[in-house]
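Take a look at the structure set out below.
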Amino acid sequence: MKFAIIKERKNPPDRRVVFSPEKLAEARALFPQAEFVVESSDIRVFSDDAYRAQGFTVTNDVSDCEVMIGVKEVPLDHLIPNKKYFFFSHTIKKQPYNRKLLLDMLDKHIEMYDHETIVKQSGARLIGFGRYAGLVGAYNGFRALGLRDQLFELPKVETLADLDAVKAELDKIKLPNIKILLTGTGKVAYGAKEILDHLKIKEVSDALYLTSQFTEPVYVMADVMEYAKRKDGKVGDKWEFYKDPSGYESNFMPYAKETDYFIAGHFYGNNAPYLFTRNDAKQSDFRINLVADVSCDIDGPVASTIKPSTIADPFYGYDPQTESEVAFDAKDAITVMAVDNLPCELPKDASEGFGDMFLEHVIPAFFNGDERGILKRAKITTADGQLTARFKYLQDYVDGE
């Protein structure tokens, strides 16, 4: 079987790749029956020569390969019919802007495997860039704090070589006595936690966080059952919430009254209650003045996230009273960091981490009869131009209804 590491063609350019040269060489050693070639790229974080040095063919024509492995959406005019593709398609939530992409893949009889749909039997994701989104998002929040309050200056992550360099910059700063809330318990949240722990910020319990003031910076990591509660007053259950959150309401305001810097690292599901609304943010006791929204759901659970920001221009202000965008350092504004492609700022580390997961979970499935059902669960479209049974719910999206 012949695999191609394809060139990223989406704008703005994304320097990430699924396999570093070293990890691709490891894949070749583990699966000698597989052939790997690399499509030439002038933007990839690893050069063509780095792949050639590992003995790989680098070419402009990968049309003879069976499996195409990329990161971001492939432009329609570069989709090759009758192939298997791996990339983030951003279609499984019926995103309007990518409907044409799904239609084109069906028309071209492409077997689509979305990185987001590579999951365990339980539905838990097996691969992703979540850790790196959390790492960069938390760092960017501190960068905004330093700039806004003229406390310190941190360089942009994209100007630094790797995660070690990021942490070295953090070693140079001194934080004020702020209280930090981190929501979530997944890879994103633990990526952000890695930054907080590197800064040696003290982690405290929910009870202490909500009732005490401190003489040093502290943080709390809140799970969904801390900031959501059942409407009927009964004890909530996390798994029940994930299955059907409609019986729950927000319990976020106790945190909002005690928090200076909020890092949104949670997953937000359909029909879940918003964490805080625009009306909540108007209240005089709403204390949050800095948000690093790593989850970045626009006009959703975090009311101050009214648009995504960019790596080039990562911060903006949200005026709660006028519900409008203002300067990120405007008086009484909530400073917002809502970059929606954070791992792109740390392409080398993110690519290396992603490759570890892809080699562990995906490549073996091609050679062991898919014994864990990884490929079967991940496949969205079939070689005969149909949606798979698991993704039939997308039919009305395909039909334009």
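Just so it is clear, none of the values below were taken in a lab; they were calculated from the coordinates. These numbers come from a predicted model, not from an experiment. Backbone-built Cβ (ideal geometry, glycine too); neighbour counts: all protein chains shown.
Straight-distance candidates among the aspartates and glutamates for linking to K120, with alpha-carbon spacing under 14 Å and chain neighbours fewer than 8 residues away dropped: E360, D370, E371.
Relative to the longest principal axis of the C-alpha atoms of the chain, give the angle of the C-alpha long axis of helix 347-361, reported between 0 and 90° and rounded to the nearest 10°. It is inclined by approximately 60 degrees.
Convex hull volume of the C-alpha atoms in the stretch 102-175, normalised per residue: 166 Å³.
When the P(r) is computed for the stretch 8-83, the part past 16 Å accounts for 52% of the Cα-Cα pairs. Between A312 and Q395, full extension at 0.36 nm per residue minus the direct alpha carbon distance yields a gain of 26.2 nm. Structure remark: mean-square fluctuation, Gaussian network model of the chain, C-alpha springs under 10 Å; the largest value among D297, D14, D49 belongs to D49.
Note on the chain: the C-alpha convex hull projects to 20.8 nm² when averaged across all orientations. Are there chymotrypsin sites (Phe, Trp or Tyr not before Pro) in the stretch 60-160 that DSSP puts in a loop and that have at most 12 other Cβ atoms within 10 Å, and which ones? Hits after loop and neighbour filter: nothing returned.
Were the residues from K282 through Q386 laid out at 0.36 nm apart, the gain over their Cα-Cα distance would be 32.6 nm. Overall, the ratio between the Cα radius of gyration of the stretch 130-345 and 2.2 N^0.38 Å, rounded to two decimals, is 0.96.
GNM remark for the chain: springs join alpha carbons under 10 Å apart, and the peak mean-square fluctuation among T381, T159, T335 falls on T159.
Which entries in K7/K348; K84/K376; K23/K187; K83/K108 show an alpha-carbon gap greater than 18 Å?
K23/K187
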